Amino acid sequence: ITDLIMAESQFNDPPPDGFRFIGVDVIYSYSGTEPAAAYLVTTKAVGEGNVELRDDCGEFPGEVDESSDLFAGGSVAGTICFVVPSADPNMMVYALVDFGTPPVMFAIA
């Protein structure tokens, strides 16, 4: 989604040389009983060599609205962007809610 991000705003910086922006479509579904905010979910990615990938891509359309409040059975959908090496874009995506909940892993190729 590099071209999409660069076209969205003149203030978005391009990825570093040898990198590109990759978008991952996600749906955060909530099964709790009390309202909670989507920003409580932290989604990260690691690439080859278990190196954490940056997620500072800039503003773009379709980005996950992390300011959403979720209620029992609710969900929020959108795209999360990561800065990945152009030559080897394989990554593992994982999400954490808090320190007491095990991370949820997603394989992305």
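The values are calculated or read from the model by the stated rules, or taken from the named source; none is laboratory data. In this text, all values refer to a predicted model and were calculated from it rather than measured experimentally. Glycine also receives a Cβ, built like all others from the backbone with ideal geometry; neighbour counts cover every protein chain displayed. Quick note on the areas: whole protein, heavy atoms, side chains included, nothing else; ligands and nucleic acids left out. Shrake-Rupley method; radii C 1.70, N 1.55, O 1.52, S 1.80 Å.
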In Å, the C-alpha Rg and Dmax of segment 31-94 are 14.1, 44
Whole-Hz Karplus ³J(HN,Hα) for segment 32-39, in order, using 6.51 cos²θ - 1.76 cosθ + 1.60 and θ = phi - 60°, x for Gly and Pro?
-> x, 9, 9, x, 9, 9, 5, 5
Thinking of the chain as a set of Cα atoms, what percent of all their pairs are more than 24 Å apart?
-> 29 percent
When ligands, DNA and RNA are left out and all protein chains stay put, how many square angstrom of accessible area per residue does the chain have with a 1.4 Å probe?
-> 64 Å²
DSSP-loop GluC sites (Glu not before Pro) across segment 1-102, with at most 13 other Cβ within 10 angstrom | E59
Want the number for D13 to A37: 0.36 nm per residue separation, take away the alpha-carbon distance, what's left?
-> 5.8 nm
Going 7 Å from the Cα of S67 in the Cα-to-Cβ direction, what parts of segment 39-54 have a backbone nitrogen less than 20 Å from that spot?
-> 39-43
Carbon-plus-sulfur fraction of the accessible area of the chain, 1.4 Å probe, in percent?
-> 55 percent
